[in-house]
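The structure appears below as structure tokens.
The values are calculated or read from the model by the stated rules, or taken from the named source; none is laboratory data. Keep in mind it's a predicted model, so treat the numbers as computed, not measured. Cβ placement follows ideal geometry from the backbone for every residue including glycine, while neighbour counts extend to all protein chains displayed.
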Amino acid sequence: MPHYENVPFDIPESWEWATIEDVTVNRDSERIPLSLAERKKQQNKVYNYYGAAGVIDKVENYLFDERLLLVGEDGANLLSRSKDNAFFAEGKYWVNNHAHVLDCPNKSVLDYVAFVINSMSLENYITGSAQPKLTQDNLNKILIPLPPEKEQYRIIESVNDYFPNISLLEGEIVEMDSFIQKAKSKILDLAIHGKLVPQDPNDEPTVELLKRINPKFEPCDNAHYENIPAGWASIPLEGLCYTINGLWKGKKPPFVNVGVIRNANFTKDFKLDFSNIAYLDVEEKQYEKRKLQCGDIIVEKSGGSDNQPVGRTILFDKTDEDYSFSNFTAVLRINDGYPVLPEYLNLFLHLVYQKGITKRMQTQTTGIHNLIFDQFLAIPIMLPPLSEQKRLVDKVEYLSQILDRITAEL
């Protein structure tokens, strides 16, 4: 019988399951955080200052003078794994309280532990959603499939032999992925300029449809759009839909337990990840006003980062159960009878985001980016006839699926 129950996979007979706590010495108590103000006062800054994902500054003194394994304690990288979560620090350096410090009498074990941590998903050990965190207790519980010492050396040597080729392939994959993302952006650009599918002269002009719904409708000035196709109209986003602000938990009963869409459920390819939905007890009154409908467009209005601004939108099309959405988001719901497909509007807003337009519509307070919603709602939407919207959506979906298949093969 294995020493630990519910182990992730079978291991050779000569191996043993162990935990991080079993094979390493935790030296977190030796860390000392230094504020930015403290670091700015320092003069002779020559030693690396480590945080959750690596070196973030230089300081004038050091805490450690040996090769140790650091593991990020918090931050989005714990889940995204865009960088290694386990990395080595050498020489003389300082570590703040955002990186765990691991040691071992046999230093080579640290190399093996680093390989294991960087090869696995830490999701089951992470707490928090807005700010993921790997506590010391949870770090200690991480299971390590431990081979005999000599086999560890052989594994480390073998992996190091492969790394140069892997790095070369990763570079090529990144380059190809960048090309595919640019291709997707270009497809959207062609779509909203009427150059992806042919126009049909029999389509009823969008302006006529809008005037039937609202006799007082006045289209936007299209002078800033070059060569807008015949039959299209330009209308502010706020003229097409209304806004519903996100859900607060509230404190007044009765309560209901619901799945809540949060920023953490937004993926980089503008889809919803339902694998980490948070189920919360919220006021029933609040929830009834904020129950998501198929066709709603969820907007990320707060959160984000310098590299990933707010303003991402995702089309909600799930019907298997009821969901709501958090107060860091808002919903755009198209006005009844208006000639616009939510799929088309969502594609248009994707291009707005990719062009960096929403990045110029945000403020930042205490590290949180906030979308200036009045400016966002004033964005002019180029609206083709309804039947052409359907042709555009179908064509974009077809081409995107081809590109996604290519990405999956990288």
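Observations on the structure shown:
- From the options Asp296, Asp336, residue that is out of contact with any helix residue (DSSP H, G or I) (no Cβ under 8 Å at 6 or more places or on another chain) and either within 28 Å of Pro380 (Cβ to Cβ) or exposed (fewer than 14 other Cβ atoms within 10 Å of the Cβ) (or both): Asp336
- Of the listed requirements (1) surrounded by fewer than 17 Cβ atoms within 10 Å (Cβ to Cβ); (2) touching a Phe, Trp or Tyr at 6+ places or on another chain (Cβ under 9 Å); (3) closer than 25 Å to Lys141 by Cα, Ile56 misses just one: (3).
- From the list Leu78, Leu70, Leu34, the lone residue that is assigned to a loop (DSSP other than H, G, I, E, B) and surrounded by 15 or more Cβ atoms within 10 Å (Cβ to Cβ) is Leu34.
- Matching residues, the range 303-325, being buried (at least 16 other Cβ atoms within 10 Å of the Cβ) and either at pLDDT 90 or above or of a type in the set (Asp, Glu) (or both): Gly311, Arg312, Thr313, Ile314, Leu315, Phe316, Tyr323, Ser324, Phe325
- Contact map, the range 73-88: residues that are within 15 Å of Ser119 (Cβ to Cβ) paired with residues that are part of a strand (DSSP E or B) and among the hydroxyl-bearing types (Ser, Thr, Tyr), Cβ distance under 9 Å, separation 6+ or inter-chain. Pairs shown: Phe87/Tyr50.
- Long-range neighbours under 9 Å by Cβ, at least six apart or interchain, first residue not assigned by TED's automatic domain parsing to the domain that holds Val256 and of a type outside the set (Asp, Glu) within the range 305-331, second modelled with pLDDT of 85 or more and surrounded by 19 or more Cβ atoms within 10 Å (Cβ to Cβ): none
- Evaluating Trp15 against the criteria (1) farther than 19 Å from Leu134 by Cα; (2) within 27 Å of the chain's Cα centre (by Cα) leaves one unmet condition, (2).
- Test: Val352 is assigned to a strand (DSSP E or B) and under 19 Å from the mean Cα position of the chain (by Cα): no
- Considering the conditions (1) without any contact (Cβ under 8 Å) to a residue 24 or more places away in the chain; (2) part of a helix (DSSP H, G or I); (3) out of contact with any helix residue (DSSP H, G or I) (no Cβ under 8 Å at 6 or more places or on another chain), Asn346 is excluded by exactly one of them, (1).
- Residues of the range 357-396 satisfying the condition of being assigned to a loop (DSSP other than H, G, I, E, B) and modelled with pLDDT under 90: Thr366, Gly367
- For the range 78-101, the set of residues classified as within 22 Å of the chain's Cα centre (by Cα) and within 17 Å of Ile142 (Cα to Cα) consists of Leu78, Leu79, Arg81, Asp84, Asn85, Ala86, Ala99, listed by residue number.
- Considering the range 355-378, the residues that are crowded, with 17+ Cβ neighbours inside 10 Å and touching a Leu at 6+ places or on another chain (Cβ under 9 Å) include one that is nearest to Gln181 (Cα to Cα), namely Thr358.
- Filter result (under 25 Å from Leu36 (Cβ atoms) and out of contact with any strand residue (DSSP E or B) (no Cβ under 6 Å at 6 or more places or on another chain)) within the range 89-108: Glu90, Gly91, Asn97
- None of Gly75, Gly54 is within 23 Å of Val109 (Cα to Cα) and either under 29 Å from the mean Cα position of the chain (by Cα) or among the hydroxyl-bearing types (Ser, Thr, Tyr) (or both) except Gly54.
For every residue, the table says whether it meets (1) modelled with pLDDT of 85 or more; (2) of a type in the set (Gly, Ala, Ser); (3) over 30 Å from Leu122 (Cα atoms); (4) in a loop (DSSP other than H, G, I, E, B).
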residue: Ile144; (1), (2), (3), (4): yes, no, no, no
residue: Lys150; (1), (2), (3), (4): yes, no, no, no
residue: Asp161; (1), (2), (3), (4): no, no, no, no
residue: Pro164; (1), (2), (3), (4): no, no, no, no
residue: Ser167; (1), (2), (3), (4): no, yes, no, no
residue: Ile173; (1), (2), (3), (4): no, no, no, no
residue: Ile187; (1), (2), (3), (4): yes, no, yes, no
residue: Ala191; (1), (2), (3), (4): yes, yes, yes, no
residue: Lys211; (1), (2), (3), (4): no, no, yes, no
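- Criterion applied to Asn61, Asn48 was being more than 24 Å from Asn138 (Cα to Cα), touching a residue at least 24 places away in the same chain (Cβ under 8 Å) and assigned to a strand (DSSP E or B), and the one residue passing it is Asn48.
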